[in-house]
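Engineer: Got a structure here, written out as structure tokens. Questions coming.
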Amino acid sequence: MLKAGDKRALAIFGYSDPALISVGNLKLDKKAFSIGDVSTFSFDITVEKKSKVRLEYAVYFVKAKGKSSKKVFKITEKDYDSGTYSISKNQSFQEQTTRKHYPGTHQISIIVNGEEKAKASFELKK
């Protein structure tokens, strides 16, 4: 339920109101990648007051018939003091037995305490 962003579950575990945290400067190292590449993305979070934060990101993968499917990945969960923090993460587009990649426009979003705060698009090519 935490991964799904259920507000009640997040409250039970003591996560702060996502309105207290903002996300900015979401950047991808490139706007286009090939299947097999590793992308790096970075962003800043600004915390208004000390907060318990669950940071995740989602990739909207293009599927075989052209529709998108959202997959959520956890970055961290911890207490942050007020301030601005820079975060950087890698995402692999290597073929796996559990995930096949298809060319097209994909999206990545940053999720803070169950709420999507920023989104960017990129192309995945063969």
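The values are calculated or read from the model by the stated rules, or taken from the named source; none is laboratory data. Keep in mind that what you see is a predicted model, and the values were worked out from it rather than measured. So basically every Cβ, Gly included, is an ideal-geometry build from the backbone, and we count neighbours across all protein chains shown.
Engineer: When you scan segment 1-25, how many residues do you find that are in contact with a Lys or Arg (Cβ under 8 Å, 6 or more places away or on another chain), part of a strand (DSSP E or B) and of a type in the set (Gly, Ala, Ser)?
Structural biologist: Total meeting the criteria: 1.
Engineer: With the requirement that a residue be in contact with a helix residue (DSSP H, G or I) (Cβ under 9 Å, 6 or more places away or on another chain), crowded, with 19+ Cβ neighbours inside 10 Å and of a type outside the set (A, V, I, L, M, F, W, C), what does segment 42-64 give you?
Structural biologist: Listed by number, the residues that qualify are Ser51, Arg54.
Engineer: Residues in segment 65-82: is at least one hydroxyl-bearing (Ser, Thr, Tyr), closer than 21 Å to Pro18 by Cα and surrounded by 15 or more Cβ atoms within 10 Å (Cβ to Cβ)?
Structural biologist: Checking segment 65-82: at least one residue is hydroxyl-bearing (Ser, Thr, Tyr), closer than 21 Å to Pro18 by Cα and surrounded by 15 or more Cβ atoms within 10 Å (Cβ to Cβ).
Engineer: While we're looking at this one, here's another question. Give the residues of segment 53-76 that are over 9 Å from the mean Cα position of the chain (by Cα) and in contact (Cβ under 8 Å) with a residue 40 or more places away in the chain, sorted by residue number.
Structural biologist: Result: Val53, Arg54, Tyr60, Phe61, Val62.
Engineer: Same structure again: So Arg8 fits all but one of (1) within 18 Å of Val72 (Cα to Cα); (2) modelled with pLDDT under 90; what number is the exception?
Structural biologist: Result: Arg8 fails condition (1) only.
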